[in-house]
Amino acid sequence: MINSHEIIETVKMIGEHHLDVRTITMGLNLLDCVSPSGKETATRVYEKIVRNAGNLVATGDRIGSMYGIPIVNKRVSVTPISLVGASSGAYLEIAKALDKAAKEIGIDFIGGYSALVQKGATDKENAFLDTIPEALTITDKVCSSVNVASTRAGINMDVVAKVGKLIKEAAYLTRDRESIACAKFVAFANAVEDNPFMAGAFHGVGEADKVINVGVSGPGVVKTALEKIPDADLSTVCEVIKKTAFKVTRVGQLVAQTASDMLNANFGIVDLSLAPTPVVGDSVAHILEEIGLEQVGGCGTTACLALLNDAVKKGGIMASSHVGGLSGAFIPVSEDIGMINAVRSGALSIQKLEAMTAVCSVGLDMIAIPGDTPAEVISALIADEAAIGVVNNKTTAVRVIPAYGKKAGDEVEFGGLLGRAPIMDISTVSPLKFVSRGGRIAAPVHANKN
Amino acid sequence: MKAFITVMGKDKVGIIAGVATSLAECGVNILDINQTILQNTFTMIMAVEGAGSTLSFEEVQEKLAKKGSELGVEIQIRHEDIFNAMHNI
């Protein structure tokens with residue numbers, strides 16, 4: 001029997017400490033929509049999404065009401081469009097169909113305008129990559145990702161060089177909207193097929209037809225739990241985080257199971273990520289500061305983040321029957337008030353963020369950089385981040401916004417969950433020759449496991 | 001369906017009566033009541049069974065929220081599964 005203390009704890013976690021389910025994401029296979037005709041493919045894509053995910057928002061709201069917990073986003077991820085559109089080549093037409101379907105069913109984002117080109121890109125995939133900036137400009141809800149590297153394949157530097165240019169083009173095309181297209185694009189190393197989070201969600205080809213993946217959240221809950229043990233040692237800190245992560249994940253498991261049943265879909269995974277929002281009291285940076293840092297970004301930040309990330313996983317794994325996605329602490333700068341403040345005060349630099357990405361999910365996320373940053377610098381930044389992912393056998397990613405016309409010290413405002421970002425200084429010492437060489441960086445020696 | 005209702009706010013005459021009357025009107029049966037004053041805040045937890053109600057969960061929720069604003073307290077109702085999930089292994 002549940003006791004009063006436990007009931008009040010749950011009510012306070014939700015009401016006062018921002019415990020929420022960040023997203024219910026329905027993964028949909030679109031391979032059966034492929035037709036040699038672009039128009040026909042787009043029609044089938046639109047119809048399949050509306051038919052299968054038409055009740056997603058209402059169902060999410062109903063579950064939220066039943067359990068009294070906010071379900072912040074409802075999203076759809078689809079089979080990489082580089083595959084779905086290959087036979088017709090009508091990628092932009094399909095992007096419009098995705099956007100139209102997303103608006104029709106009322107979801108927040110739709111992901112999967114994606115390509116997996118970690119080892120090589122076909123001619124069709126190269127043509128697809130070229131459409132990404134325009135696709136993100138003419139749509140509102142569509143998110144895009146490109147997997148440029150993996151531990152088994154190494155880093156495809158030809159694609160890395162191209163992606164730097166694509167990001168610059170996307171920034172220019174949406175120059176009147178704070179270069180927002182870049183906030184809807186991410187370059188991955190070791191991308192996962194069941195990620196419920198944007199901008200990187202896509203529905204992998206190894207997945208079933210219709211799958212529910214749930215991403216939980218709750219940085220505020222972890223911080224509040226740590227506030228109660230201001231003088232405890234770090235072993236105790238880990239234990240408290242684990243217990244809290246367990247409870248948070250159990251909510252995710254319950255919501256994922258209920259949503260799968262109600263939507264007649266496969267239960268996919270629960271993603272254990274601690275995802276911040278720009279709201280005060282919902283910050284990953286503030287957890288690190290609660291552990292004992294004056295401000296995030298100084299020495300000790302990487303160690304505290306490693307501790308947090310590991311404890312969240314250990315606590316969450318037993319709470320869910322299937323853990324997957326990215327599962328770890330997110331450190332998106334523009335979406336975390338503690339990170340924003342640390343950048344403003346000069347405590348947090350891109351170099352420190354890069355080090356932090358070696359020990360958490362996922363990577364350099366929602367970082368605004370000067371609009372005149374050369375494409376090759378962005379490519380080299382992606383290569384550095386991919387190297388961390390490839391060598392450490394983990395997912396890493398880059399979502400940077402070279403905000404057109406802005407310089408270091410300015411700020412850009414994206415609104416909503418995307419937040420606001422101070423423009424960060426980045427070294428422009430030229431990596432042009434390295435990036436221009438092209439070719440592949442070979443898989444590391446420990447990739448040869450068989 | 002079993003659910004837990006939490007009522008929190010400034011203490012005054014008639015909170016329990018008001019909530020209980022609303023539940024009776026909804027056809028929701030009260031199984032258990034636990035009420036106390038925690039740090040000057042009226043705090044009540046009710047275990048209820050809604051199987052006999054003709055109203056939907058959302059309708060009961062709406063009615064209770066309305067009663068809460070009349071009484072100046074916050075009334076929330078949640079399916080028992082969320083508490084079991086978080087606190088039982």
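The values are calculated or read from the model by the stated rules, or taken from the named source; none is laboratory data. On a predicted model such as this, the values are computed, not experimentally measured, just so you know. Every residue, glycine among them, receives a Cβ derived from its backbone with ideal geometry; neighbour counts consider all protein chains shown.
A few remarks follow.
- Residue match in the range A:74-87 (condition: in a strand (DSSP E or B), of a type in the set (S, T, Y) and touching a residue at least 12 places away in the same chain (Cβ under 8 Å)): yes
- Test: residue in the range B:13-33 that is surrounded by 18 or more Cβ atoms within 10 Å (Cβ to Cβ), within 14 Å of another protein chain (Cβ to nearest Cβ) and under 22 Å from A:G64 (Cβ atoms): no
- Scope the range A:126-145; condition farther than 13 Å from A:L116 by Cα, out of contact with any Asp or Glu (no Cβ under 6 Å at 6 or more places or on another chain) and either in a helix (DSSP H, G or I) or assigned by TED's automatic domain parsing to the domain that holds A:R399 (or both); matching residues: A:A127, A:D130, A:T131, A:I132, A:E134, A:A135, A:L136, A:T137, A:I138
- Tally of residues being modelled with pLDDT of 95 or more, in contact with a helix residue (DSSP H, G or I) (Cβ under 7 Å, 6 or more places away or on another chain) and in a loop (DSSP other than H, G, I, E, B) across the range A:284-318: 4
- Of all the criteria given as (1) touching a strand residue (DSSP E or B) at 6+ places or on another chain (Cβ under 6 Å); (2) buried (at least 17 other Cβ atoms within 10 Å of the Cβ); (3) touching a residue at least 60 places away in the same chain (Cβ under 8 Å), the one not satisfied by A:I367 is (3).
- Verdict on B:M1 being within 13 Å of chain A (Cβ to nearest Cβ), of a type outside the set (K, R) and more than 14 Å from A:M66 (Cα to Cα): no
- Unmet requirement for A:R420, which otherwise passes all of (1) of a type in the set (K, R); (2) modelled with pLDDT of 95 or more; (3) more than 25 Å from A:A149 (Cβ to Cβ): (2)
- Among the residues listed as A:A170, A:A183, A:A232, the single one being surrounded by 24 or more Cβ atoms within 10 Å (Cβ to Cβ) and free of Cβ contacts under 8 Å to residues at least 60 places away in the same chain: A:A170
- Residues that are more than 14 Å from A:D372 (Cβ to Cβ) and either touching a residue at least 60 places away in the same chain (Cβ under 8 Å) or loosely packed, with under 13 Cβ neighbours inside 10 Å (or both), drawn from the range A:410-431: A:V412, A:E413, A:F414, A:G415, A:G416, A:L417, A:L418, A:G419, A:R420, A:A421, A:P422, A:V429
- Scanning the range B:78-89 for residues that are in contact (Cβ under 8 Å) with a residue 60 or more places away in the chain and at the interface with chain A (Cβ under 7 Å from one of its Cβ atoms) yields B:R78, B:H79, B:F83.
- Subset of the range A:254-265 that is part of a helix (DSSP H, G or I) and closer than 14 Å to A:G27 by Cα - its residue that is nearest to the other protein chains (Cβ to nearest Cβ): A:A256
- Residues satisfying the stated conditions in the range A:348-376, i.e. more than 14 Å from A:L326 (Cα to Cα), of a type in the set (S, T, N, Q) and either touching a Lys or Arg at 6+ places or on another chain (Cβ under 8 Å) or outside any helix (DSSP H, G or I) (or both): A:S349, A:T373
- Check on A:A342, out of contact with any helix residue (DSSP H, G or I) (no Cβ under 8 Å at 6 or more places or on another chain), modelled with pLDDT of 95 or more and surrounded by 24 or more Cβ atoms within 10 Å (Cβ to Cβ): no
Here is a yes/no grid of residues against (1) of a type in the set (A, V, I, L, M); (2) under 19 Å from A:V343 (Cβ atoms):
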residue: A:V255; (1), (2): yes, no
residue: A:N264; (1), (2): no, no
residue: A:G268; (1), (2): no, no
residue: A:D271; (1), (2): no, no
residue: A:A275; (1), (2): yes, yes
residue: A:P278; (1), (2): no, yes
residue: A:G300; (1), (2): no, yes
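- Residue list for the range A:6-50, filter: among the basic types (K, R) and at pLDDT 95 or above: A:K39, A:R44, A:K48
- Residues in the range A:196-215 that are crowded, with 23+ Cβ neighbours inside 10 Å and in contact with a helix residue (DSSP H, G or I) (Cβ under 9 Å, 6 or more places away or on another chain): A:M198, A:A199, A:F202, A:V211, A:I212, A:N213, A:V214, A:G215.
- One residue stands out among those in the range A:18-40 that are buried (at least 20 other Cβ atoms within 10 Å of the Cβ) and not in a strand (DSSP E or B): the one that is nearest to the other protein chains (Cβ to nearest Cβ), which is A:L19.
- Among (1) without any contact (Cβ under 8 Å) to a residue 60 or more places away in the chain; (2) touching a strand residue (DSSP E or B) at 6+ places or on another chain (Cβ under 8 Å); (3) among the small types (G, A, S); (4) more than 10 Å from chain A (Cβ to nearest Cβ) - the single one B:G68 does not satisfy: (1)
- Test result for B:S56, farther than 17 Å from A:H5 by Cβ, small (G, A, S) and within 11 Å of chain A (Cβ to nearest Cβ): yes
Here's the yes/no breakdown for (1) at pLDDT 95 or above; (2) under 22 Å from the mean Cα position of the chain (by Cα); (3) buried (at least 18 other Cβ atoms within 10 Å of the Cβ); (4) farther than 20 Å from A:F197 by Cα:
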| site | (1), (2), (3), (4) |
| --- | --- |
| A:V78 | yes, yes, yes, no |
| A:S88 | yes, no, yes, yes |
| A:I94 | yes, no, yes, yes |
| A:A135 | yes, yes, yes, no |
| A:V142 | yes, yes, yes, no |
| A:I155 | yes, yes, yes, yes |
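- A:S379 outside any strand (DSSP E or B), within 22 Å of the chain's Cα centre (by Cα) and among the hydroxyl-bearing types (S, T, Y): yes
- Among the residues of the range A:407-426, those identified as farther than 15 Å from A:M339 by Cβ and not in a loop (DSSP other than H, G, I, E, B) are A:E413, A:G416.
- Among (1) touching a residue at least 12 places away in the same chain (Cβ under 8 Å); (2) part of a helix (DSSP H, G or I); (3) farther than 22 Å from A:L418 by Cα, the one test that A:G268 misses: (2)
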